[in-house]
1. With label points built 7 Å along Cα→Cβ from the Cα atoms of residue 113 and residue 39, find their separation and express it in nm.
2. Given a Förster radius of 35 Å and the C-beta distance between residue 79 and residue 23 as r, what FRET efficiency does 1/(1 + (r/R0)^6) yield to the nearest 0.05?
3. Distance in nm between label sites at residue 7 and residue 67, each 7 Å beyond Cα in the beta-carbon direction?
Amino acid sequence: MQPTRRQALATGAAVLVTGCTTSVPPRPRVRTTDDALREAAAAREQALVDACAAAARAHPERATELQGFLSDHAAHLVQLGPVSVPTPTATPAATGASSLRALAARERAAAAA
């Protein structure tokens, strides 16, 4: 005798539920090359965010102009997703033209990466 449609559907559902409730713990996630690249990109973006913020503090007259760069880099950092980026170490505050030069150098380095 052939099973009814209802019996076949019930059996299929039971198989699906059984397959989804495994007692085997999930394997730990293996770190990939993509993870390393994303972390490196996030570290560069965090450095650029920090440099933009420092330049804006050193040059309040250019804060509006620098805000666009800061927003772009902050958005890119968010798009990279959650990664473990080391907290930047305290560095002496850049002042005057040195903060803009430092920002420009970081932008060039990031573009070359």
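1. 1.3 nm
2. Working: r = 37 Å, r/R0 = 1.06.
Efficiency, from the Cβ-Cβ distance: 0.40.
3. Label at residue 7, label at residue 67, 7.2 nm between them.
Bear in mind that the values in this text are calculations on the coordinates, not laboratory data. If you're wondering where the values come from, they're calculated on a predicted model, not measured in any experiment. Using ideal geometry, Cβ is built from the backbone for each residue, glycine included, and neighbour counts are taken over all protein chains shown.
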